[in-house]
Structures are given as C-alpha cells and as structure tokens.
Amino acid sequence: MFPAVEAFDPHLFLSKVAGGETKREYPAGSSIFSQGDPADAVFYILSGRVKLTVVSKRGKEAVVAILTETSFFGEGCLAGQPSRMSSAKSIQRCTIVRVEKPRMLDLLHREPEFAARFLTYLLSRNIRMEADLVDHLFNSSEKRLARLLLLLAHFGQESKPIPMIAKMSQETLAEMIGTTRSRVSFFLNRFRDLGFIDYNGGGMHIHSSLVSVVLHD
C-alpha cells in the first residue's frame, strides 16, 4: 500500500564526499534551483523538507514531490541531463549538502558498495513515484489526501513513523493531490471530526486510524 523508500545513511554519504561537498542552510521558502538552470550537482537533504515543482509552457505549476531528510534530488545530471527539469524550494528550514557532478560520478565509479546503495535508493523512490501516479489515476481526492498525510508521517515506510508533521499550506496539499484548496479544507475538517488527525498552528498529528480511509472501497 505504501511503497517504502529506503533511507540513505547520512553518515555514510558524508564520509564518502568529505572535502568535496558544500553544506548550506536554507530558510523556509528559499529557492535551491530553478527549472532551466544548469544541472551540475546532486543535492542531499540532511534536515527539513524540499518541494519539487514543474511549470508548463502555459504557466501551470504542478508539485512533483515533497522530499524529506535523507533524500537526494537533482540526480538527473548524472544521466546527462543538461538543465533542471524542475524547480526545488525549501518548505521549511533545511540543511542541504551540494555535491558537484564530477565528484559524485567519481564516487559512484570508485565505491561499488556506495553505488549499489545509491541505486537501491533511486529504484525505491521510482517505485514510490509510480504508486503516486496510480493513486492520482484511480483514487478519489479524499483517499489521495489521506495517503499523502500517512506518507508524510512515514507510516508504512522503512523509517520510524513521525506522527506529528510540520505545518503545510492547504494550497500545497491541493497541488500535490490534484484538487482545490477548498476540497482539502473540507477533507481535513472531516478527518479531524472523525478523530483521524489533530492540528493546530504548530503542525498536524496523524493517527494510524487514518489508514481506514485509504483501505475503504
């Protein structure tokens, strides 16, 4: 139901790139790179969350993914991608490591074990993205929202669940599941009334009982 994305060991990664990386703090709402920028580095999230978005030629924006700590992004450059196909922005304060493309390629060639772990991570994330596509095609917006909240809280994944997730705007949630902000507001209030979630100004507490919405036919 919730394909696991295998967490990457940050200590392993940082030990391998020691001296060849740049670490930077990004306040919430900061641009990390923009669609069309040169694709010349791989990024790794030590803490915080990052939103990936794409904009069509007509100017319509869509959220591709919300990435949490121990996630890579920008790896398209390793496959010869000349420019960024999406934009990356922090949605809360982040600490991010940037590794230049040549350094990352050298590491993957020299360290077979590291390369295998990196490939496993990418394949796991690809499976998750395929599941997201199926979710968009076949499930109602209410189920999509419930599944998204459970995923953000790490239910059913390799890492330990984090029931309290950081505050996220209803507009962002709506973009991620392909519906309107008013529908998201309606479903969140419904989930709260049913005791599936609790939220206040500081964040949202996700109860495991929310899975019943996803399982209900």
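Values as computed for the structure displayed
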quantity	calculated
Test: residue in the range 61-72 that is over 19 Å from Ala166 (Cα atoms) and either at pLDDT 90 or above or touching a Phe, Trp or Tyr at 6+ places or on another chain (Cβ under 7 Å) (or both)	yes
Scan of the range 23-37 for residues that are in a loop (DSSP other than H, G, I, E, B) and either open to solvent by less than 60 Å² (accessible area, probe 1.4 Å) or under 20 Å from Arg84 (Cα atoms) (or both), ordered by number	Gly29, Ser30, Ser34, Gln35, Gly36, Asp37
Candidates Val64, Val54, Val50, Val42 - the one that is of a type outside the set (D, E, K, R) and touching a residue at least 60 places away in the same chain (Cβ under 8 Å)	Val42
Some residue of the range 171-183 being at pLDDT below 85, in a helix (DSSP H, G or I), of a type in the set (Val, Ile, Thr) and surrounded by fewer than 18 Cβ atoms within 10 Å (Cβ to Cβ)	yes
Neighbours by Cβ (under 6 Å, 6+ apart or cross-chain): first from the range 191-208, farther than 18 Å from Ser141 by Cβ; second of a type in the set (Gly, Ala, Ser) and surrounded by fewer than 20 Cβ atoms within 10 Å (Cβ to Cβ)	Gly203/Ala166
Counted residues, the range 117-132 - those being buried (at least 16 other Cβ atoms within 10 Å of the Cβ) and acidic (Asp, Glu)	1
Residue within the range 138-145 that is surrounded by 13 or more Cβ atoms within 10 Å (Cβ to Cβ), in contact with a Leu (Cβ under 7 Å, 6 or more places away or on another chain), in a strand (DSSP E or B) and in contact (Cβ under 8 Å) with a residue 40 or more places away in the chain present	no
Subset of the range 131-169 (residues that are closer than 21 Å to Phe73 by Cβ and either at pLDDT 75 or above or of a type in the set (Phe, Trp, Tyr) (or both))	Leu148, Leu151, Leu152, Ala153, Ile165, Met168, Ser169
Criterion violated by Gly20 - all others in (1) open to solvent by less than 50 Å² (accessible area, probe 1.4 Å); (2) at pLDDT 95 or above satisfied	(2)
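The values are calculated or read from the model by the stated rules, or taken from the named source; none is laboratory data. The shown structure was predicted, so the numbers you read here are calculated from the model rather than taken from an experiment. No Cβ is skipped: glycine too gets one built from the backbone with ideal geometry, and neighbour counts run over all protein chains shown. Accessible surface is based on the protein model in full, side chains and every heavy atom, while ligands, DNA and RNA are left aside. Shrake-Rupley method; radii C 1.70, N 1.55, O 1.52, S 1.80 Å.
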